[in-house]
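Q: Below is the structure I would like to discuss, written out as structure tokens.
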Amino acid sequence: MNLLDANDHPGAYPETWYAASAVLPAPRPRLEESRKAEICVIGGGYTGLSAALHLARRGHDVVLIEAQRVGFGASGRNGGQVGSGQRLDQLELERRLGAEDARKLWQLGEEAKALVRALIGELRIDARWRPGVAHVEERAPGVAHAHALAEKLARDYGYDNIEPLDADAVRALIGSQRFRGGLIDWGAGHIHPLRFALGLARGAEAAGARLFERTRALKLSERAGRRLVVCDGGEVEAEHVILAANGYLGALEGRVARRVMPINNFIVATEPLGARAEEILARDIAVADGRVVVSYWRLSEDRRLLFGGGETYGYR
């Protein structure tokens, strides 16, 4: 089973607050004939759109195919947080990899944040960047670790954008007695994820990439030494193929599919809360807790609570 068919209507954006609060473009054409390109990108999320944009800017001939609509998947319905660093923090990365490699990963994360903000500006995307992501902890050891991380980043990495929080500061921020402390990373931020994806698509097309929607890749093969992407309505012959389908890859490429486990995460949006919104979150920042399966929340521009968390695994 493929997640492309699991939960949503074919060729349509899911009925989310993100879709309702974005200007959705008319569907792009389906691929219904044979095309040739230097590079074929499979998947119209952040990875595929960014690849198409940057390759086209460098003069490469790019065709991108998307089985649904660009930004249809996780890229258009995630929590919107643009965080610092990697999944493991710098204290843990230095322990596992050593200081030199840990620093390279940190720099990679900093470059990624800068790229997001630069693209929002260059492409004039109304992604509503807002600075600030808070990480809150329920237990004293978690708070101590968060504060030690803030000190480490300031001392060894020159990153002084973190504000430590004690229990009173967290209570004033989110109105909850549950958490013992944490931090706010003012160098991180949050955005409207679908608007960002749509802006990348416009930018890729402006740079010369050809985008096709409602075009599903069915098979990868070769023809005369070139890669052939067989689709449900046509085919693309290319020198190179970029697989950018993430959890939607299905069985298209077995060597990769064996290493991909789809993870389903869930987000809800409340009705507009009006003045009550400040009882839940006093500042226009995003928040995440310290659990392994993270709960995360923020307010939308029309003062709804966007709350995410929970996971299931596999094609369900």
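Q: If you split all Cα-Cα distances of the range 206-256 into 5 Å bins from zero, what percentages do you get per bin, shortest first?
A: P(r) over the range 206-256, rounded to whole percents: 4, 17, 28, 27, 16, 6, 1.
Q: Using a 10 Å cut-off around each Cβ, can you sort Leu97, Leu243 from fewest to most neighbouring Cβ atoms?
A: Ascending number of Cβ neighbours within 10 Å: Leu97, Leu243.
Q: Another question about this same structure. Got a sec to turn the phi values of the range 260-273 into Karplus ³J(HN,Hα) couplings, 6.51 cos²θ - 1.76 cosθ + 1.60 with θ = phi - 60°, whole Hz, x for Gly and Pro?
A: Residue by residue, the range 260-273 yields 10, 10, x, 10, 9, 10, 10, 9, 10, 10, 7, 5, x, 9 Hz.
Q: Hey, if you put +1 on the Cβ of every Lys and Arg and -1 on every Asp and Glu Cβ in the chain, which of Ala112, Gly142, Thr47 ends up farthest toward the positive end of that dipole?
A: Farthest along the dipole direction, towards plus: Thr47.
Q: Taking the dipole about the Cα centre of the range 174-316, with the C-beta of Lys and Arg at +1 and of Asp and Glu at -1, give me whichever of Val294, Leu273, Phe196 is farthest to the positive side.
A: In the range 174-316, that residue is Val294.
Q: Leu64's amide H: which non-local residues (gap 5+, or another chain) put their own amide H closer than 5 Å, with H modeled 1.01 Å from N in plane and none for Pro or chain starts?
A: Those lying under 5 Å, H to H, from Leu64 are Val41, Arg210, Leu211, Phe212.
Q: How long are the three semi-axes of the equivalent ellipsoid for the range 23-149, computed from the Cα gyration tensor as the root of 5 times each eigenvalue, in whole Å, largest first?
A: Details: eigenvalues 258, 68, 38 Å².
Over the Cα atoms of the range 23-149, the ellipsoid semi-axes are 36, 18, 14 Å.
Q: If you plug each phi of the range 197-202 into the Karplus form 6.51 cos²θ - 1.76 cosθ + 1.60 with θ = phi - 60°, what whole-Hz ³J(HN,Hα) values come out, in order, with x for Gly and Pro?
A: 4, 4, x, 4, 4, 4
Q: Against the 2.2 N^0.38 Å scaling, with N counting residues, where does the range 201-286 land? I'd like the Cα-based Rg ratio to two decimal places. Can you show the working numbers first?
A: On the way: Rg = 20.6 Å, N = 86, 2.2 N^0.38 = 12.0 Å.
Ratio of Cα Rg to 2.2 N^0.38 Å: 1.72.
Q: Taking neighbour Cβ counts within 10 Å as the exposure measure, how do Ser75, Ser221, Ser176, Ser21 sort from fewest upward? All intermediate terms of the calculation are to be shown ahead of the outcome.
A: Numbers: Ser75 24, Ser221 9, Ser176 12, Ser21 16.
Neighbour counts put them in this order, fewest first: Ser221, Ser176, Ser21, Ser75.
Q: Here is a follow-up. For the range 57-71, in order, what is each residue's ³J(HN,Hα) by Karplus, 6.51 cos²θ - 1.76 cosθ + 1.60 with θ = phi - 60°, in whole Hz (x at glycine and Pro)?
A: Result, ordered by residue: 4, 8, x, 7, 8, 10, 10, 10, 10, 10, 5, 10, 10, 4, x Hz.
Q: Let me ask something additional. Can you list the residues, at least 5 places off or on another chain, whose amide H is less than 5 Å from the amide H of Leu165, using H built in the peptide plane?
A: Gly182, Leu183, Ile184
Q: Among Arg216, Arg28, Arg195, determine the one that fluctuates most according to a GNM of the chain built with springs between C-alpha atoms less than 10 Å apart.
A: Arg28
Q: Thinking of the chain as a set of Cα atoms, what percent of all their pairs are more than 29 Å apart? List each step's numbers first, then the result.
A: Details: 21439 of 49770 pairs.
Percentage above 29 Å: 43.
Q: To continue, here is another question. Let me know the Rg and Dmax you get for the range 124-190 when you use only its Cα atoms, in Å.
A: Over the range 124-190's Cα set, Rg and Dmax evaluate to 13.1, 43 Å.
Q: What are the lysines whose alpha-carbon lies under 17 Å from the alpha-carbon of Lys36, with same-chain residues fewer than 8 places away excluded?
A: Lys219
Q: OK, next. Any idea what angle helix 140-157 forms with the longest principal axis of the chain, computed on alpha-carbon atoms, 0 to 90 degrees, nearest 10?
A: 70 degrees
Q: Could you tell me the distance between the Cα centroids of the range 258-306 and the range 158-198, to the nearest Å?
A: Result: 12 Å between the Cα centres.
Every number in this text was worked out from the coordinates using simple rules, so none of it is lab data. Every value quoted in this text rests on a predicted model; they were computed, and no experiment measured them. A quick note on method: Cβ atoms are made from the backbone with ideal geometry, for glycine too, and the neighbour counts reach across all protein chains shown.
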